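K.L.:
My structure is below; once you've seen it, I'll send some questions.
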Amino acid sequence: MIDSLLITGASQLLTLRGRGPRRGAALANLGLIRDGTLLIRDRRIAAVGIRAKVEALPEARSAQKLDVGGRVVLPGFVDSHTHLIHAASRAEEYELKIAGASYQEIARKGGGILNSVKKLRAAAAEALKGRARAALRGFAAHGTTTIEAKSGYGLDVTSELKILRLHRELSAEQPLEISSTFLGAHVVPAEFRSRPDGAAEYVRLLVDRLMPEVAGERLAEFCDVFCDRGAFTREQSREILEAGKRRGLAARIHAEQLTRSGATQLAVKLGAASCDHLEQVNRADIAALGKSNTVATLLPGCDFHLGLKQYAPARSLIEAGAIVGLATDYNPGTSPTLSMAMILSLACSQLRMTPAEGITAATINGAYALRREKEVGSLEVGKLADLAVFDVEDYREIPYYFGVNRCWMTMKSGEVIWKAG
Ligand SMILES: [Zn+2]
């Protein structure tokens with residue numbers, strides 16, 4: 001009894017209750033309760049509903065009380081696509097891009113992902129961890145309570161394992177939950193590029209040497225591939241993701257970001273958990289996602305940061321019935337933000353999603369993309385008490401304000417992990 005906590009004073013409580021994931025018109029259903037109240041016990045939600053009803057419970061009377069002062073309460077964001085572990089920013093490339101260099105031109109000059117690989121290989125695990133810890137505090141401060149994190153800046157056995165082990169250590173040492181993804185197939189590393197069959201040899205290294213270690217040590221839940229020009233072909237991606245599945249790593253994929261590679265159709269065929277980016281999808285891809293259980297995860301932070309004009313066709317995806325998700329794609333090259341609220345602002349202004357659709361995409365649908373929809377992503381009895389409180393009266397103000405952090409409090413498993421001021 002002593003451990004229970006009653007949260008009152010929410011101008012709007014967004015429960016996102018109901019059967020997830022959300023598609024089509026259901027994306028706009030936030031399960032909103034005015035003056036909604038939550039009772040939390042032993043890390044989880046014990047009751048949720050209108051204030052009079054929850055307050056009438058005998059347990060509510062003896063519970064500790066927290067009044068959020070007329071603010072909006074929603075599930076903590078589930079950020080289903082991040083590249084958490086990296087050694088440094090790439091601000092020098094940012095300036096080159098502004099001067100007109102393309103993403104692919106920078107990559108050809110040894111910049112881009114390979115630049116981050118060089119720095120990561122040279123970095124000590126403790127330094128990487130310190131940087132990631134600061135980022136995790138930043139995620140918490142912006143209302144995020146669960147993240148996915150990918151390897152992919154190591155690209156050799158030692159460095160990839162170094163990253164994946166850091167995911168595990170960080171998950172144990174700080175409050176945010178980290179879902180780990182093996183992205184050895186980010187790009188072909190420099191030392192393989194000069195060899196005639198370098199790409200094929202690197203795929204062998206991933207499948208025959210790295211994957212058994214990753215699966216054996218249970219260092220990842222998912223296997224991901226960057227399937228695009230300058231990275232991996234559709235055929236190589238299929239080989240890698242199928243090998244991952246055989247070892248118990250569910251598939252996710254970077255699809256149709258720079259060019260249309262056919263990765264979306266592959267993702268649907270393989271039953272991938274998520275298919276991410278989708279700027280270049282065609283009508284057949286949209287239709288396939290609409291009929292599938294693969295989440296269409298959109299990453300508008302990337303297009304914004306790169307100054308690209310072509311965003312993913314969110315409205316067509318929603319009309320087709322796709323399970324649309326949103327994530328930050330936090331990474332040093334193309335989307336250095338950890339603010340889901342900023343992603344919501346972009347989703348509204350650039351993808352023409354409504355604020356309600358955006359919030360659903362960043363909570364319950366994100367949870368579904370990480371196969372955690374039974375634990376997080378909505379405020380329902382039995383789920384973890386993961387929530388964000390925004391210093392606004394109306395949820396539409398969350399994306400409306402941009403470039404400022406209005407997150408007032410964040411709670412993970414019933415513990416306050418961030419409080420403004
Ligand atoms: Zn990515």
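K.L.:
Please determine, by comparing only the residues of segment 293-314 that are at pLDDT 95 or above and surrounded by fewer than 20 Cβ atoms within 10 Å (Cβ to Cβ), which one is nearest to the ligand (Cβ to nearest atom). Please lay out each step first, then the result.
P.N.:
Taking segment 293-314 first, the residues at pLDDT 95 or above are 293-305, 310-314.
Still in the running and surrounded by fewer than 20 Cβ atoms within 10 Å (Cβ to Cβ): 293, 304-305, 310.
On the way: Asn293: 21, Phe304: 14, His305: 12, Gln310: 17 Å.
Within segment 293-314, the match that is nearest to the ligand (Cβ to nearest atom) is His305.
K.L.:
Shifting gears a bit: Find the residue count for segment 332-366, including only residues that are in contact with a Lys or Arg (Cβ under 6 Å, 6 or more places away or on another chain) and not in a helix (DSSP H, G or I).
P.N.:
3
K.L.:
While we're on this one: With the requirement that a residue be in contact with a Pro (Cβ under 9 Å, 6 or more places away or on another chain) and within 22 Å of Ser349 (Cα to Cα), what does segment 275-297 give you?
P.N.:
Passing the criteria: Leu278, Glu279, Val281, Ile286, Val295.
K.L.:
What are the residues in segment 116-127 that are charged (D, E, K, R) and exposed (fewer than 13 other Cβ atoms within 10 Å of the Cβ), if any? Before the answer, list the steps.
P.N.:
At the first step, the residues of segment 116-127 found to be charged (D, E, K, R) are 118-119, 121, 126.
Passing the criteria: only Glu126.
K.L.:
Continuing with this model, one more query. Looking only at residues in segment 410-421 that are at pLDDT 95 or above and of a type outside the set (Val, Ile, Thr), which one is farthest from Leu136 (Cα to Cα)? Steps first, please.
P.N.:
Residues of segment 410-421 at pLDDT 95 or above: 410-420.
Filter again for of a type outside the set (Val, Ile, Thr), leaving 411-415, 418-420.
Numbers: Met411: 14, Lys412: 13, Ser413: 16, Gly414: 18, Glu415: 16, Trp418: 11, Lys419: 15, Ala420: 16 Å.
Among those that are at pLDDT 95 or above and of a type outside the set (Val, Ile, Thr), it is Gly414.
K.L.:
So if I check each of Thr328, Thr410, Thr337, which one is within 16 Å of the ligand (Cβ to nearest atom), crowded, with 24+ Cβ neighbours inside 10 Å and under 22 Å from Ser171 (Cα atoms)?
P.N.:
On the way: Thr410 fails: within 16 Å of the ligand (Cβ to nearest atom); Thr337 fails: crowded, with 24+ Cβ neighbours inside 10 Å.
Exactly one of Thr328, Thr410, Thr337 is within 16 Å of the ligand (Cβ to nearest atom), crowded, with 24+ Cβ neighbours inside 10 Å and under 22 Å from Ser171 (Cα atoms), namely Thr328.
K.L.:
Looking at Val207, Val187, can you tell me which residue is more than 24 Å from the chain's Cα centre (by Cα) and touching a residue at least 12 places away in the same chain (Cβ under 8 Å)?
P.N.:
Numbers: Val187 fails: more than 24 Å from the chain's Cα centre (by Cα).
One residue alone meets the criteria, Val207.
K.L.:
Mind listing whichever residues of segment 1-20 are on the phi < 0 side of the Ramachandran plot and in contact with a strand residue (DSSP E or B) (Cβ under 7 Å, 6 or more places away or on another chain)?
P.N.:
Listed by number, the residues that qualify are Asp3, Ser4, Leu5, Leu6, Ile7, Thr8, Ala10, Ser11, Gln12, Leu13, Leu14, Thr15.
K.L.:
Still on this structure, please answer the following. Could you give me the residue pairs with C-beta distances under 6 Å whose first residue belongs to segment 83-106 and is aliphatic (A, V, I, L, M), whose second residue is part of a loop (DSSP other than H, G, I, E, B) and away from the ligand (no atom under 16 Å from the Cβ) wherever it lies, and which are 6+ apart or on separate chains?
P.N.:
Note: pairs meeting the criteria are Ala87/Ala123.
K.L.:
Further question: Restricting to segment 148-197, name every residue that is under 22 Å from Ala88 (Cβ atoms) and among the small types (Gly, Ala, Ser).
P.N.:
Correct list: Ala149, Ser151, Gly152, Gly154, Ser159, Ser180, Gly184, Ala190.
K.L.:
So which of Leu74, Leu27, Leu32 ends up being over 26 Å from Cys275 (Cβ atoms) and not polar (S, T, N, Q)? Working first, answer last.
P.N.:
Numbers: Leu74 fails: over 26 Å from Cys275 (Cβ atoms); Leu27 fails: over 26 Å from Cys275 (Cβ atoms).
Just a single option satisfies the conditions, and that option is Leu32.
K.L.:
When you scan segment 391-409, do you find a residue that is acidic (Asp, Glu), part of a helix (DSSP H, G or I) and at pLDDT 95 or above, even just one? Can you show your working first?
P.N.:
Initial filter on segment 391-409 (acidic (Asp, Glu)): 391, 393-394, 397.
When the remaining residues are screened for being part of a helix (DSSP H, G or I), the result is 397.
When the remaining residues are screened for being at pLDDT 95 or above, the result is 397.
Checked against the condition, which is being acidic (Asp, Glu), part of a helix (DSSP H, G or I) and at pLDDT 95 or above, segment 391-409 yields at least one hit.
K.L.:
Can I ask one more? Scan the strands (runs of 3 or more DSSP E) fully inside segment 7-115 and keep the ones with 3 or more residues being at pLDDT 95 or above and buried (at least 19 other Cβ atoms within 10 Å of the Cβ).
P.N.:
Working: elements: 32-34, 36-41, 44-50, 64-75, 77-79.
Per the criteria, 36-41, 44-50, 64-75, 77-79.
K.L.:
I'm checking my understanding of the structure. Among residues of segment 233-253 that are out of contact with any Ser or Thr (no Cβ under 9 Å at 6 or more places or on another chain) and within 16 Å of the ligand (Cβ to nearest atom), which one is farthest from Val188 (Cα to Cα)?
P.N.:
Applying the filter and picking the extreme gives Leu241.
K.L.:
Suppose we filter segment 382-401 for residues that are touching a Phe, Trp or Tyr at 6+ places or on another chain (Cβ under 8 Å) and closer than 17 Å to Ala362 by Cα; how many remain? First the steps, then the outcome.
P.N.:
Keep residues of segment 382-401 that are touching a Phe, Trp or Tyr at 6+ places or on another chain (Cβ under 8 Å), which gives 388-392, 397-398.
Going one step further and asking which of them are closer than 17 Å to Ala362 by Cα, we end up with 388-390, 397-398.
Matching residues across segment 382-401 total 5.
K.L.:
Hey, another quick one. Checking the structure you have, find out if any residue of segment 156-178 is assigned to a strand (DSSP E or B), within 16 Å of the ligand (Cβ to nearest atom) and under 21 Å from the mean Cα position of the chain (by Cα).
P.N.:
Going through segment 156-178, the residues assigned to a strand (DSSP E or B) turn out to be 177-178.
Then keep just the ones that are within 16 Å of the ligand (Cβ to nearest atom); that gives 178.
Next, only the ones that are under 21 Å from the mean Cα position of the chain (by Cα) stay: 178.
So far as segment 156-178 goes, yes, one or more of its residues are assigned to a strand (DSSP E or B), within 16 Å of the ligand (Cβ to nearest atom) and under 21 Å from the mean Cα position of the chain (by Cα).
K.L.:
Still on this structure, I have one more. Might you check whether a residue that is within 16 Å of the chain's Cα centre (by Cα), within 16 Å of the ligand (Cβ to nearest atom) and in contact (Cβ under 8 Å) with a residue 24 or more places away in the chain occurs anywhere in segment 380-392?
P.N.:
Among the residues of segment 380-392, not one is within 16 Å of the chain's Cα centre (by Cα), within 16 Å of the ligand (Cβ to nearest atom) and in contact (Cβ under 8 Å) with a residue 24 or more places away in the chain, which makes the answer no.
K.L.:
Test of understanding: among Gly377, Gly421, Gly403, which residue is of a type in the set (Gly, Ala, Ser) and either within 16 Å of the ligand (Cβ to nearest atom) or in contact with a strand residue (DSSP E or B) (Cβ under 7 Å, 6 or more places away or on another chain) (or both)?
P.N.:
Details: Gly421 fails: either within 16 Å of the ligand (Cβ to nearest atom) or in contact with a strand residue (DSSP E or B) (Cβ under 7 Å, 6 or more places away or on another chain) (or both); Gly403 fails: either within 16 Å of the ligand (Cβ to nearest atom) or in contact with a strand residue (DSSP E or B) (Cβ under 7 Å, 6 or more places away or on another chain) (or both).
Residue meeting the stated conditions: Gly377.
K.L.:
Still on this structure, I have one more. Of all residues in segment 128-149, which are surrounded by 13 or more Cβ atoms within 10 Å (Cβ to Cβ) and assigned to a helix (DSSP H, G or I)? Lay out the reasoning, then the answer.
P.N.:
Pass one, segment 128-149, residues surrounded by 13 or more Cβ atoms within 10 Å (Cβ to Cβ): 128-129, 131-133, 135-149.
Matches in segment 128-149: Leu128, Lys129, Arg131, Ala132, Arg133, Ala135, Leu136, Arg137, Gly138, Phe139, Ala140, Ala141.
K.L.:
Can you tell me which of Arg246, Arg283, Arg252, Arg260 is buried (at least 22 other Cβ atoms within 10 Å of the Cβ) and charged (D, E, K, R)? Can you show your working first?
P.N.:
On the way: Arg246 fails: buried (at least 22 other Cβ atoms within 10 Å of the Cβ); Arg283 fails: buried (at least 22 other Cβ atoms within 10 Å of the Cβ); Arg260 fails: buried (at least 22 other Cβ atoms within 10 Å of the Cβ).
Answer to the check: Arg252.
The values are calculated or read from the model by the stated rules, or taken from the named source; none is laboratory data. Quick caveat, the model's predicted, so the values are computed rather than measured. All Cβ positions, glycine included, derive from the backbone under ideal geometry; neighbour counts span all protein chains shown.
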